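A quick write-up on the structure given underneath.
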Amino acid sequence: MEQLSVSELCGYINAVLTSDPVVSDVWVFGEVSNCKRHSSGHWYLTLKEADARIDAVIWRSTALRLSYLPQDGMAILGHGKVELYNGRLQLYLDFITPAGEGLLQAQYERLKAQLEAEGLTERKRPLPLFPQRIGIVTSPTGAALQDMLNVLRRRFPLAEVIIAPALVQGEDAAPSIVEALYELFDFEPDVIIVARGGGSIEDLWAFNEEIVARAVFASPVPVVTGVGHETDTTIVDFVADLRAPTPSAAAELVTPDLATLRDELINQVGLLHGLFQGRLQLLRSELNQQQQQLLRHDPQLRLQQGHEHMTIQQQRLQRAMQRMLEMARLKVQVAERSLVALNPERTLARGYAVVLHAGHAITNRNQVAVGETISIQLHHGQIQATIDELRD
């Protein structure tokens, strides 16, 4: 018989525990006692019932994403795994919820929190406007498929529809849905619909399975879910790119309405026609402006305008010269009359005389002296005289 040390025995037991499918993925119901939060952020507690108890731990990283934290005396439903620590069994919890919600609801909330923590619920890709190929994962015999096909034919008959049949209820439904999804990926559709009709939470449970949620997230193209009725929300609804309340609504969301497109096209054609007419009118106006500019810069026109301008200037110059000659003629006439009026001959003709001495007119007696000879200029002739006397 083989002998083991204590550490070897504990290691063996722990290996058995971690490989056991029950205790490595277990849901446990119990009452919380000895609940304490350590300064590190970890939670330590005991789950107990009348004649049994087990120590439990919630790590700080897990506690930060839990929406519900334990308190002494509370009855909870927890999920985790059992391991051996220092020779004692210990339950490591990764999710807890009030016990009254039931196991299915607890599994739902745990998986939802896990996927949210991984970021799988945040990706929301836009749907293609005009999908050429639409993939559908659903039951081939359900009414949901016919409802979706009717909508697709009515709204957008141009699209090719590829149906990947799958079980949508029962134990084999989840792997069947995953297989159908991966088959569709090979056909390279533009968008995928995952759908089924309404039912109870148990009927819809395949769409709450982790493998289905991860297969939806693995899709290379947008996924729209239409599972159950409007009040039903499954895990795949959170992971999908868009959730529709029903299968028919999902078919409407992935397709444009051909009638609406036709009306919109007519409207756009009208708008384009109006824009074209406006642009055409603007171009015509610009063309007229360019033609006017060309006419204004035409050499023949410029020469004609220059000739007209030169003619006008020549006429202005002629008129100006005539005015200048007329003014000069008037000035000459005035000067002539002035000269005539001031002519000394006319004064002499009236009996006046001009007295000259040495060729200069005498206007003052101080200009001459007694005995000097002076000349007296008359109108006719000249008299020479000698000054005998000077008077004041």
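Any read-out appearing in this document is the output of simple, stated calculations on the displayed coordinates, not a laboratory observation. Please read all numbers here as calculations on a predicted model, not as lab measurements. With ideal geometry, Cβ positions are generated from the backbone for all residues, glycine too; neighbour counts draw on all protein chains shown.
What to note about this one:
- FRET efficiency for the pair THR386 and VAL354, taken as 1/(1 + (r/R0)^6) with r the Cβ-Cβ distance and R0 = 25 Å, rounds to 0.90.
- Mean Cβ neighbour count within 10 Å, used as a protection proxy, ranking 62-73, 288-299 highest first: 62-73, 288-299
- Cut-off 11 Å between beta-carbons: net charge of the residues surrounding THR18, Lys and Arg +1, Asp and Glu -1: -2
- Computed on the range 181-317, the Cα convex hull volume stands at 222 Å³ per residue.
- Overall form of the chain per C-alpha gyration tensor (a/c, 1.5; a/b vs b/c): prolate
- In this structure, the residue pairs whose Cα-Cα separation is over 23 Å, taken from LYS48/LYS81; LYS36/LYS112; LYS81/LYS112, are LYS36/LYS112.
- Calculated from the alpha-carbon coordinates, the range 133-256 shows an Rg and a Dmax of 12.6, 37 Å respectively.
- Considering helices alone, the calculated mean residue ellipticity of the chain at 222 nm is -14500 deg cm²/dmol, with DSSP H runs of length four and up weighted by -39500 (n - 2.57) and normalised per residue.
- THR260 paired with LEU120, simple spin-label distance in nm, labels 7 Å along Cα-to-beta-carbon: 3.2
- Burial ranking of peptide ranges 150-163, 300-313 (average Cβ count within 10 Å, highest at the top): 150-163, 300-313
- Segment THR141-GLN377, extension gain: residue separation times 0.36 nm, minus the distance between their alpha carbons: 69.2 nm
- The 3J(HN,Hα) values that the Karplus relation (6.51, -1.76, 1.60; θ = phi - 60°) gives for the range 35-42 are, in residue order, 7, 9, 9, 6, 4, 6, x, 7 Hz. Gly and Pro appear as x.
- Full extension of the chain segment joining GLN333 with ASP72 gains 80.1 nm, where the gain is 0.36 nm per residue of separation less the Cα-Cα distance.
- Distance (nanometres) between label positions extended 7 Å along Cα→Cβ at GLU179 and LEU4: 4.0
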